[in-house]
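Accompanying notes for the structure given below.
A short reminder: the numbers here are calculations on the coordinates, not readings from a lab. What you are looking at is a predicted structure, and each value in this text was computed from that prediction instead of being measured. Using ideal geometry, Cβ is built from the backbone for each residue, glycine included, and neighbour counts are taken over all protein chains shown.
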Amino acid sequence: QFPFGRRLPCDIYWHGVSFHDNDIFSGQVNKFPGMTEMVRKITLSRAVRTMQDLFPLEYNFYPRSWILPEEFPLFVDEVRVMKDSDPSWKPTFIVKPDGGCQGDGIYLIKDPSDIRLTGNIQSRPAVVQEYICKPLLVDKLKFDIRLYVLLKSLEPLEIYIAKDGLSRFCTEPYQEPTLKNLHQVFMHLTNYSLNIHSGNFIHSDNANTGSKRTFSSILCRLSSRGADVKKLWSDIISLVIKTIIALTPELKVYYQSDIPAGKPGPTCFQILGFDILLMKNLKPMLLEVNANPSMRIEHEQELSPGVFENVPSPVDEEVKVAVIRDTLRLVDPQKKKRKDIHLSCHTNLLIFPAQFQSLCAPDQPAGYCHQEGALPFGCQTLDLVSEAKEEVLEAGQEQDGGRGPEPGLPSLCLKQVFPKYAKQFSHLRLVDRVAALFIRFLGVKGTTKLGPTGFRTFIRNCKLSNSNFSMAAVDILYIDITRRWNSMGMEHRESGMCLQAFVEAFFCLAQKKYKSLPLHEQVASLIEFCEDHLAALDEKRV
């Protein structure tokens, strides 16, 4: 037990909340620096919006969003224009506080004037989105899907998706939103932490019934109705990969800030919780991404007023234990060593006290260092849809006790989807290449902001200034964009141009230089132009 940390190095560190829970200089950490910030509702919306600007059809799985308070006038204007152009459009919107979780502070509105701008909206910013009014229903109830995704590596990008997840149900029969039912949270909000308090919530030991079920049970039910679950699974895989591609540019900026290249430091991996809603036509829509998905495998039961006990939840246990077990198998630091030298060795796993109590055996505390026989390891181009058939079949079947390469362990529940399907998504990684340019010109290691000198050096080295775009114009562009981003009320530890501001400036430069092309071609052309000039410069220096 190491409730206050441990001086000797370990192979794997399991932090409860973020990368910065403890100072780690080696091994592997189960959190990426910056991930908690990146999946906040505003940051995620901005990252996806950037990709929607470049590839609108590829990123149509995320509802139209506005950021409050700064985009409130824009929200009002756009809704008015849309209503004027289509008088039959009767929208509903959902307001989500930026830092909220477990359904806290979420509410529905029919008109922008209904937003609660008084009080703490300035100190507690939010995202307002179009509400999905026609979700898929099961037993007349709305539900969402929690899928577990392992980001095993950022560079190179490596993504795994669990073959099964959780389906979390509302507890009142769904009706499309009206002014009368807007406030009925048990009808409209799928959050487990809200519905658990409903008198209609059903705890069940059966994966096919109750208010929390396995996703595989839903797939089986859809399949029996003749639904194309193979395509559904393919669409979900695509949604996950595209979302992570939207997040990786800024994650790389955070990563180089905390773990500068060439200096000793840990490598990272992280389990993410993707919350997905299925529309009536089986189109998956991304609701949010959770950096710290709950891994509890029990629920509280009230024995008498004010007296509770923890009761095992077989559905949670079936899904979550497999995710944790196979994550450790995939990141097992001793795998290569065993493969190379066939020696008996040990894996050290250091778990810091946090929200991890439920993963421990009843007689083990939350924070412990695990030392025993090394965790065995076991674990690719067909197109996405055809391979999805295998995923669906496996997800929809009970584990039959079949053994993989590791005696005594079931086959992996985590399936690699990237780089397995990298070819289908490589064209989307434009902002990754823009981020690489940004990082190159940061100058000082450990910073996340680009100063005016660094921006001028970028312009000069890439030969982007000319008679129509002077260095004075460069300075004005830098000042205008940086000032606007720094005035958005976000937390800033340092002055300068953040990555999002640099991306905006880069898009602006691309539109100036390649006027007749669509935006994604403009950006791709400018990236190649810059990369070619920098490669020639590097060659000259060598």
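Entry note: segment 126-233 has Rg to Rh equal to 1.02, where both radii use alpha-carbon atoms and Rh is the Kirkwood radius.
Just to be sure I follow: if Rg is taken over the C-alpha atoms of segment 161-293 and Rh is the Kirkwood radius over the same atoms, what is Rg/Rh? Present the calculation step by step, with values, prior to reporting the outcome.
Details: Rg = 18.6 Å, Rh = 17.6 Å.
Rg/Rh: 1.06.
A simple packing score, the average count of other Cβ atoms within 10 Å per residue, orders the peptides 130-140, 165-175 as 165-175, 130-140, with the highest score first. Within segment 427-540, the percentage of alpha carbon pairs spaced more than 23 angstrom apart rounds to 26%.
Both radii are taken from the alpha-carbon atoms of segment 182-250; with Rh as the Kirkwood radius, Rg/Rh is 1.09.
So, R0 is 56 Å and r is the distance between the beta-carbons of ASN310 and ASN461; what FRET efficiency does that work out to, to 0.05?
Numbers: r = 60 Å, r/R0 = 1.07.
Efficiency at R0 = 56 Å is approximately 0.40.
Considering only ALA536, ALA473, SER525, the residue lying farthest towards the positive end of the dipole of segment 427-540 is ALA473, judged by Cα position with unit charges set on Cβ. Highest-first packing order for the peptide set 522-533, 34-45 is 34-45, 522-533, based on the mean count of other beta carbon atoms within 10 Å.
May I ask for the distance between the Cα centers of segment 1-63 and segment 273-289, given as a whole number of Å? About 21 Å separates the Cα centre of segment 1-63 from the one of segment 273-289. A Stokes-Einstein calculation at 25 °C with viscosity 0.890 mPa s, built on the Kirkwood radius of segment 1-110 over Cα pairs, returns a diffusion coefficient of 139 µm²/s.
Other residues within the sphere of radius under 15 Å centred on the Cβ of THR457, judged by their own Cβ, net out at +4 (K and R +1, D and E -1).
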